[in-house]
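Colleague: Take a look at this one; I'll ask things after.
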Amino acid sequence: MCKSTFHSFLQELPKCEHHMHLEGSLSPEVLFTLAKRNNITLPQDDDAFQSPETLLARYSRFTSLDDFLHYYYIGMSVLISESDFEDLAMDYFRHAAADGLAHAEVFFDPQAHIERGITYNTVLAGFSAARARAEKEFGITSELICCFLRHLPVPNCMSMFKDADVQASFKNGSVTGIGLDSSEKPFPPALFEEIYAGAKELGLRRTAHAGEEGPATFISDALDVLKVERIDHGIRLVEDEALLQKIAKDGTMLSVCPLSNKVLCCVKEISEVPIRKFLDAGVKFSINSDDPAYFGGYILDNYCAVHEAFNLSVAEWTSICRAGIEGSWCSQARKDEMLARLDEVVGRWAPKLSA
Ligand SMILES: Nc1ncnc2[nH]cnc12
Ligand SMILES: [Zn+2]
């Protein structure tokens, strides 16, 4: 990974993560432990489920987003009780704290639990308890983003949106925004126009996965039809120069996930993730882990992988980190704290690293 002095600098930066699926932080080790504790039978006809080691080995051979999602949905079937969800999120926050994360805006996929008979409030209570502990124990602030699974029928998504418990969580502030995830290519953003209009009406923040495997038109549709404020992934933006210039001009932020893109074969090498192109064009982006337990790394691993591939300067890292803070959905007071910390870290490291 990156050279040790730069590694320490990247570790100390007050990083913000905007693209991390809590269910994607379920390690094979924890998956097997919970399967045993909760009496869940894992698929017998897939050799990958023989042991945590064989499962981890299978994760290194994903061929596409859908190939990964197959394992992702089986994996989360072991999550049953409120404490399972709390433990899962705490596992993430512990890794994130070691990586020097300051603030996280994390996704969760309620429909995948509701359809297994787990209530929305069970999931929310577990994740909310972990968020409170993460702030107290690690000083990590966080927001929750409720995702809609785009491979499910739109009426199913709409009924979750209208559910009384879901609406209560939107209105009492325990959930900050909505997202759109899961299999991308066959499910264009416009299908979800009504839900996003309803979310805007409620004053919720809005983001959507677009341009991961799907075309650049999904990015423009997410912006124009869904009126999202952020784009998750968005790497196929490079295929539309006019849209790229517009996104740069409007200051719309992308949540880029380099290790994910490589593991899911969206790019062959990290050097193909359009980091240089985005920096040169003035496109704002943050660097994120997506599903860290499945893609071989948490946030600092993603920062290091980008540094290895692009050898960015201290000034470039500072501007990436600043964009992440400014593009977060937390209070201005929290942003000011993180910006002050950024100045302090850069002031200390810049003379050593630029020498
Ligand atoms: N990278 C990703 N893309 C779409 N849906 C997801 N759900 C979890 N990770 C995802
Ligand atoms: Zn994602």
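The values are calculated or read from the model by the stated rules, or taken from the named source; none is laboratory data. Just so we're clear, the structure is a prediction, and the values are computed from it rather than from any experiment. Every residue, glycine as well, gets a Cβ built from its backbone with ideal geometry; the counts of neighbours run over all protein chains shown. These accessible areas exclude ligands, DNA and RNA; they are computed on the full protein's heavy atoms, side chains included. Shrake-Rupley method; radii C 1.70, N 1.55, O 1.52, S 1.80 Å.
Colleague: Looking at Glu184, Glu212, Glu239, Glu229 in this structure, which one is more than 20 Å from the chain's Cα centre (by Cα) and either open to solvent by 10 Å² or more (accessible area, probe 1.4 Å) or within 16 Å of ligand 2 (Cβ to nearest atom) (or both)?
Modeller: Values: Glu184 fails: more than 20 Å from the chain's Cα centre (by Cα); Glu212 fails: more than 20 Å from the chain's Cα centre (by Cα); Glu229 fails: more than 20 Å from the chain's Cα centre (by Cα).
Being more than 20 Å from the chain's Cα centre (by Cα) and either open to solvent by 10 Å² or more (accessible area, probe 1.4 Å) or within 16 Å of ligand 2 (Cβ to nearest atom) (or both) holds for just one of Glu184, Glu212, Glu239, Glu229, which is Glu239.
Conditions (1) touching a residue at least 24 places away in the same chain (Cβ under 8 Å); (2) more than 16 Å from ligand 1 (Cβ to nearest atom); (3) in contact with a strand residue (DSSP E or B) (Cβ under 6 Å, 6 or more places away or on another chain); (4) in a helix (DSSP H, G or I), marked per residue:
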residue: Leu243; (1), (2), (3), (4): yes, yes, no, yes
residue: Asn261; (1), (2), (3), (4): yes, no, no, yes
residue: Val267; (1), (2), (3), (4): yes, no, no, no
residue: Glu308; (1), (2), (3), (4): yes, yes, no, yes
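Colleague: Determine which single condition Asp84 fails, assuming it passes every other condition in (1) within 16 Å of ligand 1 (Cβ to nearest atom); (2) in contact (Cβ under 8 Å) with a residue 12 or more places away in the chain.
Modeller: Going through (1) within 16 Å of ligand 1 (Cβ to nearest atom); (2) in contact (Cβ under 8 Å) with a residue 12 or more places away in the chain one by one, Asp84 breaks only (1).
Colleague: Still on this structure: Quick one: which helices (runs of 4 or more DSSP H) lie wholly within the stretch 91-173 and hold at least 3 residues that are of a type in the set (A, V, I, L, M, F, W, C), more than 16 Å from Arg206 (Cα to Cα) and modelled with pLDDT of 95 or more?
Modeller: Answer list for the stretch 91-173: 120-138.
Colleague: Further, regarding this structure: Go through the stretch 249-285 and count every residue that is surrounded by fewer than 21 Cβ atoms within 10 Å (Cβ to Cβ), under 17 Å from Ala323 (Cα atoms) and of a type in the set (A, V, I, L, M, F, W, C).
Modeller: 2
Colleague: So Gln11 clears everything in (1) more than 17 Å from the chain's Cα centre (by Cα); (2) within 16 Å of ligand 1 (Cβ to nearest atom) except one condition, right? Which one?
Modeller: Evaluating Gln11 over (1) more than 17 Å from the chain's Cα centre (by Cα); (2) within 16 Å of ligand 1 (Cβ to nearest atom) leaves (2) as the failure.
Colleague: Which one of these is at pLDDT 95 or above and either surrounded by 14 or more Cβ atoms within 10 Å (Cβ to Cβ) or in contact with a Cys (Cβ under 8 Å, 6 or more places away or on another chain) (or both): Glu12, Glu53?
Modeller: From the options Glu12, Glu53, the qualifying one is Glu12.
Colleague: So, one more: Just to be sure before I move on: is Pro43 more than 16 Å from ligand 2 (Cβ to nearest atom) and surrounded by 17 or more Cβ atoms within 10 Å (Cβ to Cβ) in the structure I sent?
Modeller: no
Colleague: Checking Ser182 against (1) touching a His at 6+ places or on another chain (Cβ under 7 Å); (2) hydroxyl-bearing (Ser, Thr, Tyr); (3) free of Cβ contacts under 8 Å to residues at least 24 places away in the same chain, which single condition isn't satisfied?
Modeller: (3)
Colleague: Can you pull out every residue in the stretch 99-149 that is open to solvent by 10 Å² or more (accessible area, probe 1.4 Å), within 18 Å of the chain's Cα centre (by Cα) and within 20 Å of Ala164 (Cα to Cα)?
Modeller: Answer for the stretch 99-149, where residues must be open to solvent by 10 Å² or more (accessible area, probe 1.4 Å), within 18 Å of the chain's Cα centre (by Cα) and within 20 Å of Ala164 (Cα to Cα): Leu124, Ser128.
Colleague: When you check Tyr73 against the structure, is it within 16 Å of ligand 1 (Cβ to nearest atom), within 28 Å of Leu144 (Cβ to Cβ) and open to solvent by 50 Å² or more (accessible area, probe 1.4 Å), yes or no?
Modeller: Yes, satisfied.
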